[in-house]
Every structure is written in C-alpha cells, then in structure tokens.
Amino acid sequence: MDYTPHTEAEIQEMLRRVGAESLEDLFRHLPEEILNPEIALPEPLPEWAVLEELGRLAERNRPARKAFLGGGIRSHHAPPVVQALASRGEFLTAYTPYQPEVSQGVLQATFEYQTMIAELTGLEVANASMYDGATALAEGVLLALRETGRMSVLVSQGVHPEYRAVLKAYLEAVGAELKVLPLEGGRTPSFPVPEGVGAVVGQNPNYLGALEDLAPLAEAAHRAGALFVAVADPLSLGVLKPPGAYGADIAVGDGQSLGLPMGFGGPHFGYLATKKAFVRQLPGRLVSETVDAEGKRGFILTLQAREQYIRRAKAKSNITTNAQLTALMGAMYLAALGPEGLREVALRGVALAHRLHDLLLEVPGVEPFTPKPFFNEFALRLPKAPGAVREALAARGLHAATPVPEEYGESLALFAATELHQEEDLLALREALKEVLA
C-alpha cells in the first residue's frame, strides 16, 4: 500500500502558506528537460532475460591488469581476514548501535577503531567515523569555527580539490568565508595568517603527492588565534610524523588506503580526530568506555545530547551516523598489519613510486612536476591531453594517468604505485605510455 504521511488538507494548507496553487508550482523554476524528461523504457522482460542483459552490459567493463591511479584513491591489498571478519553478520550495519545492552561487541570494535585513529594521528580523541574524507574535512573545519567563534577559513591549494569543493558548499551554507592559499613550487608556502581566520587547513602528503612541512603553518595559525586542521592519508602515518606532533588541533582524512577496495569511488570512510579540549564540539558519534552497576567494563555512545535527534537547535552537525562497516574494516586492516606491517606497506609504496617516477621520465615528452620527496603519488606533465592518455592506457589494460585540474597547471596527470606492484608492472606502464605518446 502507499505510505502517505500528509493528508490532502495538510498539503493544501502548506501550499497556501508558501503561496503556491499546486505541488507542480513548487517546481516551475526547473527546466522542462529536467522536470519532465523523456524516458524511453523497453518492454517488460522476464527475470532470466534481465539477468542476461545485465551480464551483457557487465562484459563491456575493461579489466585492468594493474591500477596506477592516483588522486587519493589507490589500489591496495586487503588481507583476507578483513573480508572474512567484515562479512560476519554482527558487523553488517552502517550505524553505530543505539542500545549498548545488546551491542557491546560492535561498540567495543568501534572503540578500538577510535583508539587506533587517535594513535595514528597523535591526537587524544577520534569519533566513530564520517562518511568520507571530504565530509570529515568539512566537519573538522566547522568544529574549528565553532570553537574559535570566527567565520573565515584559509585552506592550502595542496588540499584535494574535491575536498575543497565540499568544504566550500558547507561554508556557504553557514555564511563563512573561504580563501585558498596557492602552492609555490608544488608545496604550501609559510606566511603570517591574517587576523579573524578561525581555521587553517593543510594536507600532507598534498594532492600532488609532495611531502609538506606543515609545522610552520600550524604555528602561524596558532599565533593568529586559529585552529589548524591537517588532512592526512592514514597509510602515510605509518612512516610520517603524526599531525598531532606538528601542531594540528584536528586531523581528518579518507580511510580508503586502509585495505578498502577502490570500488568506483566508494564506499569509504572518513576519520576525524581532535584534542580532548574540543570533544564537546565533536560531530557524529563517539563510543566511550564505562562500567556498569556491577563495576564491569562496558561501552556506550556518549555526549549524545549534542546530536541532532536529541537537541536539534544545539546540534554540532546534521550527520548523526557514520560509516560503521567500512571504518571497522579499516580497524581490522590495522590490527592485521600492526605498526611494523603498516610501515612496510607504506615504505614499499614510496620506493616503487620513486622508481616509477624515474622510469616514466624516460618517455619522450614527459616532464616532472611534483617535487621530490613525495609519498606514493606524483604528478607529471604529459605532451597529450591526460584524459585521452588515460583512455588509451585503459584500452591496453592499464589504469593510470588521473587528470589533474587545470588550476594546478596544464596537461598534468597523477600516477601512483603501491605494494601491489612489481618491477615488471612499472616497466609495462612505461612501455605502454611510450606507445600512447608516440
């Protein structure tokens, strides 16, 4: 049956209040091709015929031997134990559970995830995850603005452009100002932060893959009374100094590199960690340790009064859930590898990326762009349009050359190397690129 939450009388009263004669009037401003598009649907098919058609469409996918795509999403190995544990029914939910009396296992696993993120970032508290790296950044910046009481944000151009686009949308909604600090030589320059700025944002490794020294920027932010927000690839924290060690008040990022598949862009999870002093400004969910009436250890959701569904007028965020399953997969990955394993995976990616960089520079017409040292991604300038190069490489079974927005320069493409690559893979990409650019 139909679920109709509003009666006809209620609908008419709502229309009267907004000055519309009908529901259709609410959408008159939309172009006709969007409002009433022509939809050419085929005749109904039996189930077996639909499955055959779906199989035919799936065959159009181009399998790739190896993926060298950069831009923050890379191909990494996930130990089989991660998929095995994540497939257990106890974990199959996108939510942090509300009822601690029946959800101790999932709550404890989430608590362990938060602990791992806090250890990686060098900060005191982490929430139960955000949707992805972009929303984690937006929420982290809003946290900083609430804490400082200011409405101006300075963000490095080294921060992922898609993250900045999401941040811009969030800030426009609350009336905050966003200024972008251009890169110099592929890295963020140090300079005095203007008065009135509430949050300063930098990324290490930055979008172009270059390693940044963000300590001076954090110091400049603090001198101006602003909070410093660091965007960091969690895999890089296996070898790089954690954000908390160079002055970050808030650390955010995307967890895809922690054993999650590329998955055509998702689903992933975002992490958000901060200092304990700002815990009451923390968005989303927070699992904490406690004891029950008998003194036994237990886990609960805490500080829920800040949530939208309880005190909407004082909510810190309109996100009252999290990426539960994928965040726990990230925790399973970290537990499976341990600190030394994470370090080995990170260092192997760094070594292979620098080797790939040198090999690709042997291709005529290819020029370096990202300054060394970089992590496991780098940008090159190509003599042909990066989009066309990517398509041509894909036709040869290699996914590589992620086009870089022109705000960074013309004809730039990102390449990445991870622990999955071997020397022969790097050589194969070099030879394929030679053919494509010939």
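The values are calculated or read from the model by the stated rules, or taken from the named source; none is laboratory data. Since the model is a prediction, treat every value here as computed from it, not as a measurement. For neighbour counting, all protein chains shown are included, and Cβ atoms are generated from backbone atoms with ideal geometry for every residue, glycine included. Note: accessible area is taken over every heavy atom of the protein model, side chains too, but ligands, DNA and RNA are not part of it. Shrake-Rupley method; radii C 1.70, N 1.55, O 1.52, S 1.80 Å.
Viscosity 1.306 mPa s, temperature 10 °C: Stokes-Einstein D of the range 1-129 from its Kirkwood Cα radius, in µm² per second? Don't skip to the end; give the middle numbers.
On the way: Rh = 22.4 Å.
For these conditions, the coefficient is 71 µm²/s.
More than 42 angstrom separation, counting every C-alpha pair in the chain; what % is that?
On the way: 22830 of 95703 pairs.
Here the long-distance tail beyond 42 Å is 24 percent of all Cα pairs in the chain.
Over all alpha-carbon pairs of the range 138-180, lay out the pair-distance distribution in 10 Å bins, whole %, shortest bin first.
Cα pair-distance distribution for the range 138-180, in percent: 29, 62, 9.
Round to a whole angstrom and tell me the spacing of the C-alpha centers of the range 206-234 and the range 386-400.
34
Given the -39500 (n - 2.57) contribution per DSSP H run of 4+ residues, what per-residue ellipticity at 222 nm results for the chain, rounded to the nearest 500 deg cm²/dmol? Spell out each step's value before the answer.
Numbers: 11 runs with 153 residues, N = 438.
So the calculated ellipticity at 222 nm is -11000 deg cm²/dmol.
Taking the Cα centre of the range 7-121 as the origin and placing charges on Cβ (Lys, Arg +1; Asp, Glu -1), which of Leu120, Phe27, Ala40 is farthest toward the positive end of the dipole?
Highest projection toward the positive end goes to Leu120.
On a straight-distance basis, which lysines could pair with Lys296 in a cross-link, Cα separation under 29 angstrom, same-chain partners fewer than 8 positions away excluded?
Lys275, Lys276
Can you give the net charge of the other residues whose Cβ lies under 14 Å from the Cβ of His76, counting K and R as +1 and D and E as -1? Each step should come with its number before you reach the end.
On the way: positive: Lys66, Arg74, Arg348; negative: Asp233, Asp254, Glu344, Glu377, Glu419.
Neighbourhood net charge equals -2.
Along the principal axes of its C-alpha atoms, what lengths does the range 237-367 span, in descending order and rounded to whole Å?
Answer, in whole Å and largest first: 68, 35, 33 Å.
Compute for the range 123-207: radius of gyration divided by Kirkwood radius, i.e. Rg/Rh, restricted to C-alpha atoms, rounded to two decimals.
Reported Rg/Rh (Cα atoms, Kirkwood Rh): 0.95.
State which helices in the chain qualify, where a helix is a whole DSSP H run, it must extend 27 Å or more along its own axis by its Cα atoms, and its mean Kyte-Doolittle hydropathy must be at least -0.5.
Details: long enough: 324-360 (40 Å, 0.64).
TM-like helix candidates: 324-360.
What do you get for Rg/Rh of the range 158-198 when both radii come from the Cα atoms and Rh is the Kirkwood radius?
Working: Rg = 11.8 Å, Rh = 11.8 Å.
Rounded to two decimals, Rg/Rh equals 1.00.
I'd like the Kirkwood hydrodynamic radius of the range 179-304, using the inverse of the mean 1/r over distinct C-alpha pairs, in Å. Numbers along the way, then the final one.
Values: mean 1/r = 0.0600 Å⁻¹.
Averaging 1/r across every pair of different Cα atoms and inverting gives 16.7 Å.
Solvent-accessible area per residue for the chain at a 1.4 Å probe radius, Å²?
Details: 21660 Å² over 438 residues.
Averaged over the residues of the chain, the accessible area is 49 Å².
If the viscosity is 0.890 mPa s and the temperature 25 °C, what Stokes-Einstein diffusion coefficient in µm²/s follows for the range 295-394 when Rh is the Kirkwood radius over Cα pairs? Numbers along the way, then the final one.
Numbers: Rh = 18.7 Å.
The diffusion coefficient I find is 131 µm²/s.
Give the residue from Leu398, Phe91, Ala9 lying farthest towards the positive end of the charge dipole for the chain; charges sit on Cβ (+1 for Lys and Arg, -1 for Asp and Glu) and the dipole is referred to the Cα centre.
Of the listed residues, the answer is Phe91.
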